[in-house]
Each structure stands twice: as C-alpha cells, then as structure tokens.
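Structure, as structure tokens:
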Amino acid sequence: MNSLWLVIVKRLGLGIVTLIAVSIIIFVAIEMLPGDIAQIILGQSATPETVAVFRQELGLDRPALTRYLDWAGGMLRGDFGTALASKRDVSELIQSRIFNTLFLAAYAALISIPLAISLGLLAALYRGSVLDRAVNIISLSSVSMPEFLLAYILVFLLAQTGFFPTMSDLTPTMSFQEKLYVTFLPALTLTLVITAHMMRMTRAAIVNLLASAYIEMAELKGLSRTRIILMHAFPNALAPIINVVAINLAYLITGVVVVEVVFVYPGLGQLLVDSVSKRDVVVVQVASLIFAVAYILFNLLADIFSTLSNPRLRHPK
Amino acid sequence: MSQSDEILTIKGLHIEGKTDEGWSEIVKGVDLSLKKGEILGLIGESGAGKSTIGLAAMGYARGGCRISAGEIIFDGHNLLEMSNKGQRRIRGRRIAYVAQSAAASFNPTYKLIDQYSEGPVFHHVMSKSEAEHDAKELYRRMQLPDPEMIGYRYPHQVSGGQLQRAITAMAMSCRPDIIIFDEPTTALDVTTQIEVLSAIRDIVNQSGTAAIYITHDLAVVAQMADRVKVLLKGAEIEEADTRTMLRAPRDTYTKSLWAVRSFQATPKKIESTTRPVVSVQNVSAAYETQLVLTDVSFDIFPCQTVAVVGESGSGKSTAARVMTGLLEPSSGSVKLRDEPLPSVYTDRSKKQLQEIQMIYQSADTALNPKQRIREIIGWPIEFYTGLKGNANENRIRELLTMIEMDPDEFIDRRPGELSGGQKQRIGIARALAADPSMIICDEVTSALDQLVAEGILRLLDKLQQDLDLAYMFITHDIATVRAIADDVVVMKAGKVVEAGPKAEVFTPPHDPYTELLLSSVPEMDPDWLDNVLQGRASSGN
C-alpha cells in the first residue's frame, strides 16, 4: 500500500501548493486593478482627506505582503473580513450563498452523473445504432447551445405553461420538496449543459477498451455484450470517467453564474457578479478563492479516485 | 475415419479483411477437419491467416474482418447459421481459446480465480464455489506454484509463464470439446516455454480435448500436434501427420521453412594481437535501487560478432544501454579502443557517438512514420559525416544498394509502405549511415518471420565482411546465436554466467544454466520434449 499512499500524499501536497499559488494570483490581480480602491469606492467627489482616512481604515497604507499574509491568515481562520458595500460580515453574507450553490450543484449532479454514465454505457453497448446516434445528437445540440438560450427555452416550454416557476427564489422557510420544485428548471438547464460531455467521455473510454485483448477474451468466453461492457470494460474505463465527472462537478459550482442570473437564484455566482458591479473587492476575493478551492478539491479527488481505480496500484506485487 | 469422430469440419472458408480499397480476401478457401481428442497444428508465417482461421473455428471474426463464405460445422451444427446467442452458448463452453499473451488477455481488474469461474458460472456449468474448487484442481494439474492461493492474485502479480498456464486452465474450465491455442508460448522464454508446453500437452491428453495449435515455430508444433497443416497467405500448402511432414515435406515452401535454420555466418579468424573495439569492464548498473547488472565484463573485437544471450530480465539490453551511454553505470567503465568513454552520451564527442550505432527489435517503432527513407537515412549522414546535397543523396543510394533495396524504388517511400523485413533493412542502413565500427543489434530478428529473419542475418554477415564491422548481437534465440556468433556471452539475472568462443560455450561441459538454456530449445524431433523431460526427471532436475 506504500506506493499508493505516497501518490496520494504527493497529490495532496501539490493541491496545497496550487491553492497558495492561486491565492497569490487572486490577491495580486486585485492589487493590479487600475486606480485606488478607496478612491473608486468613495467616488470622484471625495476629498483627498476622506480618501486618506478611508485608506487607513482599509489598511491600504500597509505594504502588500503584510496585507496578503493578513488576508490569507484570516481565510485560514475562517475570518473572511467585512464587506465594503454592505459593511456586513463576509462569512455571514456568503454562508447561505454557498449552501444554495451546493444545493443546486448537488441537485444537478444527482440527475446528470447517473444519466450521463448510463447513456454513455448504452451508447457504447449499441454502438452505431439509432439509439447511439440519437443520444449523441440530442446531447451535442444541448451542449452547443448557450446556457442562457437553453434556460429561456426551458422557461418557455416549462414555466410559461405553468408547470414550474420562472424564478427560483429560495426562502429559508421552504420545505425540501418545495426547494426541489422551485429549483428544478436551473437544475435541468445545468444537467443539459454537462451531461453531453460526461456521456461522450464515458462512451469514448469504453469504446477505446473494446479493442483490447481481455475484451476479446471475454467475447470468446461466450459472455453477453452487456456483461462485457459492464463487468469487463467499465471498471477499466473508470479513470477518464472520474476525471470528466470531477471537471463537471467543479463547473457546477463555479460556472453557473449565467444560470443563476437567469433564474434569479441566490447563489455564489450571483453574489460575485453583484460584488463586482459594487466594486466590493473583499467579497470578490473571497468568492474567487472559494471557486478555486472547489476546482482544486475536485481535481484532487479525481486524481485520488482514478489512482485507486488502478488495480496495479491497489494491489501491488 | 467415420463421420461421428469429427467434432469440427470447416469447408471452403473464405474470410475478408477491410482495407483502404475495400474488402480483400485474407483466407482463401481453407478446409479443415478435427477429430475428437486430436491436436491439429496450424503453421505458417505472419499473414498466413492462422489466427483468423483459429478464431473462425469459434464462429468469431475480429473487428474489420468478416467470414464471407464457407461452412463451420461443429458437432453437427453450422456455426455460421446460428444466432449470436447460439454462438455464445458454444464459445467458452464447448470451444475455448488460449491467447498468445495471457498478460493482456486477463482483465487487470479481477483475481485469476474470479476470471476462471466466470465462464462456468455464466454458462451454468458449475456454481461459483464448485468452479473455485475446480480451479485449484486445474491449477495443480497445470503445475502452478501454490495452487490453493495463486488464484486469489491479480494478473499483474503473477509471472508470464504462470499466467499462460492459468489461462490454459481457464480455457479448460467448462471442459470444452475443442481448445484453440493461438501461439501460447511465443512470448515466453525457452526455459519457461518447455514447462508450459509439457503442462499443456499433459492436460490436453488427460482430458481428451481436441485442439487446434497455432504457431510459427516448427519445433514446437512437432512436439504438440498429431497432424500439421501448413498455410501461406491464407491458403493451404499441404497437410500430413506430424512425423510424415517433418520427414518428407512435399511442397517447396514447406521445405524452405524446414531448411531455414541451416544458415551459418562466415567464420572469422582473429589474430591474438588484435585489440578490442569496445571493452566492457566490470560494469554494474541499477534502475533506482534495483541492481540489474553485476560486474559485467566482455570484449568485442573488430569484424567479430559477440552474441549476448539470456532470457528476459537477464540484463542484456541494459548492458547495451550502458554502452550507448543511455544509462549511467554505478561502477565500471566502457572503453572504446582503450579510451574510456564518458558514461553519459551527452558527454561523448560526435566521433565517439558515431563509432557505436544501434539497430532495434521493432523497426516499426524505431523509424519515424512521417519521414521518407531519404530523410531517415540522410539525416544521420549529414550529422555524422557532414555530407550535404548531391553527396548526401549519393551516399543514401549507396547505402540502399548495400542493403539490397533499389534506391529508385524506395528512396521516397515512408516506413508504412514497407514490409517488416524492409523496415529492418532501413534500420540497418540508418546505423550504417554513421559509418560505425560497431553495431549493437538488439533482438533485430525476433519480430520477423524465419525466412525474412534469415535474409537479415545473411545481409548482416555480408556487411560485416565488406565493412569490417563488429556486432554485439543481443538475442534470446539460441538458433540465431548458433547461426551468427563468433563469441558468446551467456547472461542470467544481470551476471555473466559463461563467456567465450562459440565452439567452447556450446560444447560440454556447460555451466548448469547454459545447459538448461540449450536443452530447452525445442528441436524438430517429435520426441524431443519427451526425451528432455525424461532426462531431467532422471537427473533429478
């Protein structure tokens, strides 16, 4: 088991290094925004004195390195700072947003991952058949359409007709079923966006393996096609499938801004957009960092699970 | 022979393969019959259609192939008229298959015993626990070590020879009427091959299973088959019982196959005052922490061929990597004409690099498929000798003539447009382009058919005469060593076991390992396997 743990520990270490690098990039990128933040927030009419006072209040007069270490340290302690625009605690501001984003992501993931993998397996099993082509065409057209268009088509078809609400405004008092109902349209939009990618990767990974000697051996043992695909090809195709699932899970958390805006869903993406327009750099920094963490975490998990899917590493000599 | 004795009859089998220009015939009307308990050898060079016919006997055609005409009658039913489901009921259960590479044919995800029991359970022959019990029994009969436990290992945890036995056991799992053996020992070392051959033969004889044994190795088929059918380019050449076929082949093609091992390189005299071109002195080397060469020394003299022989893992290719500077030795040195060579190739001068060239086993992967022959040979000419333009072109043409390929016809071709033997010749020309004094030939004939391989050996011999080249010939094939070597170095587990002139090494008394190696090489005598096994049993080996 030694080599396996070594691989995992190495990946973890690399993940931490990446996270530190990303936090530096986010910090520096915001530093490099043109103009003085205090000036921008207070507007053109502010007197130099008020700007100076405000700068001191924000701590902008201190050197960049100190401010970075302060900020990064705060992040580690869970102290995300105070929002510039609303003067509210950022952690408080972000908490419900994170929950909402995760809720929607989990909802879409629970529909799309089983769907994509089953469709991919079916398409591989009935390669070249009508089913294969139909699945391909439908999923490709849905992935080729811009998300907002897809969202509006769904609104037109399913909300205008009165089946589902156009706006997915969550309130804390809602029951779980109500939440599922209200967020069905954004979840469906996201499902349509990510299913194609995962489904095609599953199909390709399986089809790739069909030429290998052990698949021929399975056929020559007289096994059924279903058994060959599920029992002989699928376990060996896990690594690429896990990777594509991870990329799409990360996308569900970080890439849903447009869908959140269309359905007025109170998620992290919307908060980010709002904060950018309000020039609230504190919130923008935190939101960006959370997105980065999500990306790194999912890729890390993908690496670990695809390593675990390799029998040579799981069962060393 | 009575009709009821025949378990399999193939009549007028035609199989087509898909090419760029449409379907072309790869099996052209082959007939075949197999009686219960009989072993039929199918023999031929690559492209003869042996494997394709073997698979067709199960009603199976690989992707890109189709059975276009003929009848395959198994136990009274035509397989080609059966539904897919009907065919599946026969595959694995009544006709089983043993592939060339067991390592690739076992699914890496499952334990051996689970793959063993899959067939019997799927075909409702046995329950899972019965099948596992049965597996251990067959593992024992296949002489696998620790038969109770070996099934609980994964394929990558078991050696190649053991896997080949495990896959034969798996083929037996449903007690089929026929087993198709497709080159089951080709990928194995000779000392392992002999064990697998005897295990296969015993189990086939004991169970009365009929078999089709596919191989390109005449000596192997002589041990295994009752009858032999010779194939060439998808058509039958002749068929006879094994002893008749070996004693009196009728067709000229068969005769040429039989005669191929008769080639002998021109013997070279060496004067005692000659100094070696390359001298390997007390070299030890390791990959990471694993020692792969221990105190290896040998000399290579001008215009001589040193054959380095050993089984996989013996360190023969590693020795070549040290000599070419691809692997840094942990101790010892390589000398070129008494001058020590820098241990890493990047530190060597162009002149030093030029002196030692290499030819590889697989010309397919050693030649850039995108380049034309002109570039493949022209570049090393320019790099090493500085010839450009017309002079370069003339040199390419001269080299192509030397390797017996028509310059006008081949100079603008790409490797994909050449046969295996032609590609290997281009590999030789590329090595010659540097004008070296020594060439390392790493298993250069192993991937080639015997007739083609012989042509390459003849060419290398002629070039040695003309150009005073020294060869280091790395091989696992004793027949090749007998044909071309002046000196022989026998290696085992990273050490030199025995070294000296060929006549000395190949005449008794031998080192015990050399003895084992030499006695394991199959001979054309059908009684060879029995005699060797008897001899070993009586001497207590």
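The values are calculated or read from the model by the stated rules, or taken from the named source; none is laboratory data. Since the model is a prediction, treat every value here as computed from it, not as a measurement. Here the Cβ positions follow ideal geometry from the backbone for every residue, glycine too, while neighbour counts run over all protein chains shown.
Residue under question is residue A:187, and the condition is that it be assigned by TED's automatic domain parsing to the domain that holds residue A:111, at pLDDT 85 or above and in contact with a helix residue (DSSP H, G or I) (Cβ under 6 Å, 6 or more places away or on another chain); does it hold? Criteria met by residue A:187. Can you confirm whether residue B:211 is assigned to a helix (DSSP H, G or I) and touching a residue at least 60 places away in the same chain (Cβ under 8 Å)? It is false that residue B:211 is assigned to a helix (DSSP H, G or I) and touching a residue at least 60 places away in the same chain (Cβ under 8 Å).
Conditions (1) more than 30 Å from residue A:256 (Cα to Cα); (2) surrounded by fewer than 22 Cβ atoms within 10 Å (Cβ to Cβ); (3) within 14 Å of chain B (Cβ to nearest Cβ), marked per residue:
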site	(1), (2), (3)
A:152	no, yes, no
A:157	no, yes, no
A:160	no, yes, no
A:165	no, yes, no
A:181	no, yes, no
A:185	no, no, no
A:195	no, no, no
A:214	yes, no, yes
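For segment B:517-532, a residue qualifies if it is at pLDDT 85 or above and surrounded by fewer than 17 Cβ atoms within 10 Å (Cβ to Cβ), and the qualifying residues are B:527, B:530, B:531.
Okay, residues lined up against (1) among the small types (Gly, Ala, Ser); (2) over 22 Å from residue A:287 (Cβ atoms); (3) surrounded by 13 or more Cβ atoms within 10 Å (Cβ to Cβ):
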| residue | (1), (2), (3) |
| --- | --- |
| A:6 | no, yes, no |
| A:15 | yes, no, yes |
| A:19 | no, no, yes |
| A:34 | no, no, no |
| A:44 | no, yes, no |
| A:48 | no, yes, no |
| A:51 | no, yes, yes |
| A:59 | yes, no, no |
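Counting only helices (runs of 4 or more DSSP H) wholly contained in segment A:8-123, the ones carrying 1 or more residues that are touching a residue at least 60 places away in the same chain (Cβ under 8 Å) occupy A:37-42, A:64-77.
Checking residue B:105 against (1) more than 10 Å from every other protein chain (Cβ to nearest Cβ); (2) surrounded by 23 or more Cβ atoms within 10 Å (Cβ to Cβ), only one condition comes out false. Which one? With (1) more than 10 Å from every other protein chain (Cβ to nearest Cβ); (2) surrounded by 23 or more Cβ atoms within 10 Å (Cβ to Cβ) applied to residue B:105, the lone miss is (1). The set of residues in segment B:73-99 being assigned to a loop (DSSP other than H, G, I, E, B), within 13 Å of residue A:220 (Cβ to Cβ) and more than 7 Å from chain A (Cβ to nearest Cβ) consists of B:94 alone.
Applying the set (1) modelled with pLDDT of 90 or more; (2) touching a helix residue (DSSP H, G or I) at 6+ places or on another chain (Cβ under 6 Å) to residue B:428 leaves exactly one unmet item: (2). Scanning segment B:134-149 for any residue that is crowded, with 18+ Cβ neighbours inside 10 Å, at pLDDT 90 or above and within 13 Å of chain A (Cβ to nearest Cβ) turns up nothing.
Here residue B:305 meets the list (1) in contact with a strand residue (DSSP E or B) (Cβ under 6 Å, 6 or more places away or on another chain); (2) more than 19 Å from residue B:427 (Cα to Cα); (3) not aromatic (Phe, Trp, Tyr) almost entirely, failing just condition (2). Select from segment B:27-66 the residues that are away from every other protein chain (no Cβ under 14 Å), small (Gly, Ala, Ser) and surrounded by 23 or more Cβ atoms within 10 Å (Cβ to Cβ) and list them in ascending order. Listed by number, the residues that qualify are B:41, B:44, B:48, B:49. Taking segment B:521-540 as the search range and keeping residues that are outside any helix (DSSP H, G or I) and in contact (Cβ under 8 Å) with a residue 24 or more places away in the chain, which one is nearest to residue B:309 (Cα to Cα)? Ranking the candidates gives B:521 first. Within segment B:267-276, one or more residues are in contact with a strand residue (DSSP E or B) (Cβ under 6 Å, 6 or more places away or on another chain) and surrounded by fewer than 21 Cβ atoms within 10 Å (Cβ to Cβ).
Applying the condition of being within 24 Å of residue A:310 (Cα to Cα) and free of Cβ contacts under 8 Å to residues at least 40 places away in the same chain to segment B:110-123 and asking which residue is farthest from the other protein chains (Cβ to nearest Cβ) yields B:113. Taken over segment A:228-251, the residue count meeting the criterion of being facing chain B (nearest Cβ under 7 Å) and surrounded by fewer than 23 Cβ atoms within 10 Å (Cβ to Cβ) is 2. Exactly one residue out of B:213, B:152 is of a type in the set (Phe, Trp, Tyr), assigned by TED's automatic domain parsing to the domain that holds residue B:125 and surrounded by fewer than 18 Cβ atoms within 10 Å (Cβ to Cβ), and it is B:152.
When restricted to residues that are surrounded by 18 or more Cβ atoms within 10 Å (Cβ to Cβ), β-branched (Val, Ile, Thr) and more than 15 Å from residue B:190 (Cα to Cα), segment B:490-516 contains 3. Filtering B:204, B:230, B:196 for residues that are closer than 21 Å to residue B:476 by Cα and crowded, with 18+ Cβ neighbours inside 10 Å leaves a single hit, B:196.
Considering (1) surrounded by 20 or more Cβ atoms within 10 Å (Cβ to Cβ); (2) at the interface with chain B (Cβ under 7 Å from one of its Cβ atoms); (3) at negative phi, the lone condition that residue A:222 does not fulfil carries the number (3).
Hey, can you tell me all the residues within segment B:79-102 that are without any contact (Cβ under 8 Å) to a residue 24 or more places away in the chain and crowded, with 17+ Cβ neighbours inside 10 Å? Result: B:79, B:88. In segment B:466-481, the residues that are assigned by TED's automatic domain parsing to the domain that holds residue B:438 reach residues that are of a type in the set (S, T, N, Q) and part of a strand (DSSP E or B) with C-beta atoms within less than 7 angstrom, at least six apart or across chains, in these pairs: B:471/B:305; B:473/B:305; B:481/B:475.
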